[in-house]
1. Could you list, in sequence order, all residues of region 40-62 that are surrounded by fewer than 16 Cβ atoms within 10 Å (Cβ to Cβ) and within 19 Å of Phe7 (Cα to Cα)?
2. Before we move on, is Gly54 of a type outside the set (Phe, Trp, Tyr), at positive phi and in contact (Cβ under 8 Å) with a residue 24 or more places away in the chain?
3. May I ask you to list the residues in region 18-36 that are more than 15 Å from Gly63 (Cβ to Cβ) and open to solvent by 30 Å² or more (accessible area, probe 1.4 Å)?
4. Between a residue in region 4-16 that is on the phi < 0 side of the Ramachandran plot and any residue that is part of a loop (DSSP other than H, G, I, E, B) and of a type in the set (Gly, Ala, Ser), which pairs come within a Cβ distance under 7 Å, given they are 6 or more apart or on different chains?
5. Kindly list, by first and then second residue, each pair from a residue in region 69-84 that is among the acidic types (Asp, Glu) to a residue that is in a loop (DSSP other than H, G, I, E, B), limited to pairs with Cβ atoms under 7 Å and residues at least 6 apart or on different chains.
Amino acid sequence: MMGYSVFKPGIDTKQKIHLEAEELAYVLTGSGKLTVGPELVQFSAGDSLYIPPGVPHGVRNDGSDDVAMVFFFSSPEYPKTIDA
């Protein structure tokens, strides 16, 4: 499954957990941080982000530009997801 998301400046999404699917995201524009549990992973345009199944994660856009990403799951539909 493939999708597209835009994260406006100042957004800090709640962490989610995809129970049975891995996720790969490609950052098209902007920069920010992937929140992974208590850790922060810096990203910018051109980076790829891999998230294994069962890992809590969210997106923080602490920059001044929109962050646009395409994302892919290892499942044919949006996977079962819970709040972290």
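The values are calculated or read from the model by the stated rules, or taken from the named source; none is laboratory data. Since the structure is predicted, the reported quantities are computational estimates derived from the model, not experimental observations. Positions of Cβ are backbone-derived with ideal geometry, glycine not excepted, and every protein chain shown enters the neighbour counts. The area values use the complete protein model at the heavy-atom level, side chains included, leaving out ligands, DNA and RNA. Shrake-Rupley method; radii C 1.70, N 1.55, O 1.52, S 1.80 Å.
1. Listed by number, the residues that qualify are Leu40, Val41, Gln42, Ser44, Ala45, Gly46, Asp47, Ser48, Tyr50, Asp62.
2. On the way: of a type outside the set (Phe, Trp, Tyr): yes; at positive phi: yes; in contact (Cβ under 8 Å) with a residue 24 or more places away in the chain: yes.
Yes.
3. Answer for region 18-36, where residues must be more than 15 Å from Gly63 (Cβ to Cβ) and open to solvent by 30 Å² or more (accessible area, probe 1.4 Å): Leu19, Glu20, Glu22, Leu24, Tyr26, Val36.
4. Pro9/Gly63; Pro9/Ser64; Gln15/Ala84; Lys16/Ala84
5. Glu77/Met1; Asp83/Lys14
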